[in-house]
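Structure first, then comments.
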Amino acid sequence: MTDRPVLVVNSGSSSMKYQLVDPDAGVAVASGVVERIGEPGAAGRARHSFAGNDTTFSGPIPDHAAALEVMRQLFVDSGRPLRGERLVGIGHRVVHGGDVFADPVLIDDAVLRQIRAVSGLAPLHNPANLTGIEQAARAFPGIPQVAVFDTAFFRTLPAAAATYAIDADLAARHAVRRYGFHGTSHQYVSGQVATVLGRPLADLDQIVLHLGNGASASAVRGGVAVETSMGMTPLEGLVMGTRSGDLDPGVLLHLAGPGGLDPAGLDTLLNRRSGLLGLAGTNDFRDLQAMMDGPDADRAAAARLAFDVFCHRVRKYIGAYLAVLGRVDVITFTAGVGENAPAVRAQVLAGLEGLGIVVDADRNAVRSRDARIISPPDTPVTVMVVPTNEELAIARATVTVVG
Ligand code: AMP
């Protein structure tokens with residue numbers, strides 16, 4: 001066991017994922033998730049894994065302070081108290097860094113203020129990230145805390161990719177531009193691709209498809225991001241679990257006029273009630289696939305359409321990014337759906353042989369937690385599945401910042 005672990009915390013509005021990471025060995029020493037924070041009654045629950053054993057908790061978890069206490073107790077219960085660890089630091093995932101943060105940063109009061117100032121750009125995420133940081137600072141006084149931003153990797157987007165074609169002064173006044181998200185994942189995965197292939201990152205033109213409950217695509221030239229599908233907020237681009245992705249802005253005008261929705265109603269609709277959930281009634285891809293084969297014909301048809309819309313949108317972005325890059329060496333699938341749903345990978349890339357893109361059916365069907373190639377040997381474009389590991393990337397960034 002390392003004597004220099006990093007605690008990585010990813011706080012959502014009602015959940016908190018954490019990992020104790022050995023950044024040198026690149027492994028999670030312990031990990032867990034606290035769920036249903038702030039839900040009424042005794043609905044809270046948590047699961048902690050250490051040395052192959054799971055320890056669980058269920059009971060009331062009224063807020064994030066309580067969630068951290070549950071985590072601390074689970075470390076004790078598992079036989080490896082966190083107090084005994086010499087934590088190098090605590091690394092926090094923060095979704096939006098606005099145009100302020102281009103790199104991971106040591107958190108102080110000024111940084112907290114700046115994160116708060118850009119929170120309106122990511123209303124689903126930043127407030128929860130902030131709560132996690134504030135409570136962790138109280139629970140672990142004296143331990144350096146580092147913020148690692150989802151937007152940072154995309155600060156290199158060329159102006160032509162980052163700019164919305166609206167009134168330039170208005171855009172500047174309101175910080176309206178494309179920022180991109182999931183950057184920690186896109187950066188980690190594109191780096192892993194180079195490592196696994198044994199080729200210099202600088203030589204590779206890549207398309208990375210992060211397909212999870214949130215979903216995004218990126219074009220990465222020589223390790224530098226040149227395009228990505230999410231924009232000013234994590235709402236643009238691909239179809240997601242509960243988010244619409246791309247939409248004609250005229251739809252908003254229509255819904256705000258005849259539809260009678262106010263900004264809060266539009267926010268709820270597009271961020272929480274759209275995407276797969278809006279189309280088929282579930283945001284869980286496993287449920288969606290089960291519904292497609294289920295006995296209820298109407299639900300099956302709705303699920304099939306949601307699946308097709310999801311895959312079509314990904315495919316459209318691949319076409320766009322091929323043109324942006326001019327060529328592509330590697331297309332990589334990652335995150336919950338990308339890593340685990342062969343049917344999605346097959347449908348997204350079907351019929352692209354003319355572009356040098358082929359998926360080998362047998363390789364695609366293999367279930368594995370390892371990075372792997374799913375294209376046949378000697379095809380022009382290498383297609384891969386690479387598990388993302390944002391926690392490890394955050395842990396390594398934390399070590400770099402803390403020094
Ligand atoms: P993430 O946000 O990366 O955790 O991904 C969550 C999504 O991945 C959810 O929609 C899950 O249903 C989906 N997912 C996880 N495992 C599988 C699987 N074996 N097959 C299909 N989808 C999966």
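The values are calculated or read from the model by the stated rules, or taken from the named source; none is laboratory data. Source: prediction; values computed, not measured. Every residue, glycine among them, receives a Cβ derived from its backbone with ideal geometry; neighbour counts consider all protein chains shown. Surface areas here come from the heavy atoms of the whole protein model, side chains and all, with no ligands, DNA or RNA. Shrake-Rupley method; radii C 1.70, N 1.55, O 1.52, S 1.80 Å.
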Work out how much length ALA202 to ASP378 would gain on full extension: take 0.36 nm times their residue separation and subtract the Cα-Cα distance, in nm to one decimal. 61.2 nm
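If you place +1 on the Cβ of every Lys and Arg and -1 on the Cβ of every Asp and Glu, how big does the dipole about the Cα centre of the chain come out, in debye to the nearest 20? Could the numbers behind the result be given before it?
Working: 35 positive and 41 negative charges, 58 e Å.
Charge dipole of the chain: 280 debye, to the nearest 20.
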The chain: equivalent-ellipsoid semi-axes (sqrt of 5 x gyration tensor eigenvalues, Cα, Å): 32, 26, 24
Rounded to the nearest 5, the percent of DSSP beta bridges in the range 29-157 running antiparallel is 75 percent
Largest first, please: the extent of the C-alpha atoms of the range 141-227 along each principal axis, to the nearest Å. 46, 43, 26
Which one, ALA346, ALA110, ALA361, has the greatest fluctuation when you compute a Gaussian network model over the chain with C-alpha springs under 10 angstrom? ALA110
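Quick check: from the Cα gyration tensor, does the range 173-327 come out rounded (a/c under 1.5), prolate or oblate? Numbers along the way, then the final one.
Numbers: a/c = 2.49, a/b = 1.39, b/c = 1.78.
In terms of gyration-tensor shape, oblate.
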Using all alpha carbons of the range 262-378, what is the percent of pairwise distances in each 5 Å bin, ordered from the shortest bin to the longest? 2, 10, 17, 18, 18, 15, 11, 5, 2, 1, 0
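Add -39500 (n - 2.57) for each DSSP H run of 4 or more in the chain, then divide by its residues: what number comes out at 222 nm, to the nearest 500 deg cm²/dmol?
Numbers: 15 runs with 154 residues, N = 403.
Computed mean residue ellipticity for the chain: -11500 deg cm²/dmol.
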Ordering 17-25, 262-270, 279-287 by per-residue average of other C-beta atoms within 10 angstrom, highest first, gives 17-25, 279-287, 262-270
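On average, how much accessible surface per residue is there in the range 167-281, in Å², for a 1.4 Å probe, leaving out ligands, DNA and RNA?
Values: 4680 Å² over 115 residues.
For the range 167-281, the per-residue accessible area is 41 Å².
Roll a 1.4 angstrom probe over the protein heavy atoms and tell me the percent of accessible area of the range 107-236 that is carbon or sulfur.
On the way: 2820 of 5050 Å².
Looking at the range 107-236 in its full context, I get 56 percent from C and S.
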Cβ neighbours within 10 Å, averaged per peptide: list 348-355, 53-60, 381-388, 308-315 in order, most packed at the top. 381-388, 308-315, 348-355, 53-60
Apportionment of accessible area to carbon and sulfur, the range 278-395, percent (1.4 Å): 51 percent
Heavy atoms only, probe 1.4 Å: what % of the accessible area of the range 1-103 goes to carbon and sulfur, would you let me know? 44 percent
What shape does the range 1-124 take by its C-alpha gyration tensor, where a ≥ b ≥ c are the square roots of the eigenvalues and a/c under 1.5 counts as rounded, a/b above b/c as prolate, and the rest as oblate? oblate
If I take every Cα pair under 8 Å that is 6 or more residues apart in the range 103-157, average their sequence separation and divide by the length, what percent do I get for the relative contact order? 54 percent
Quick one: compute the contact order of the chain, relative version, from alpha carbon pairs under 8 angstrom and 6+ residues apart, as a percent. 15 percent
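Quick check for you: with a 1.4 Å probe and neighbouring chains kept, what is the accessible area per residue of the range 300-403, in Å²? Let's see the in-between values first.
Values: 4470 Å² over 104 residues.
Using a 1.4 Å probe on heavy atoms only, each residue of the range 300-403 averages 43 Å².
Provide the percentage of antiparallel DSSP beta bridges, counting only those with both residues in the chain; round to the nearest 5. Working shown, then result.
Numbers: 40 of 58 bridges.
Restricted to the chain, the bridges split so that about 70 percent are antiparallel.
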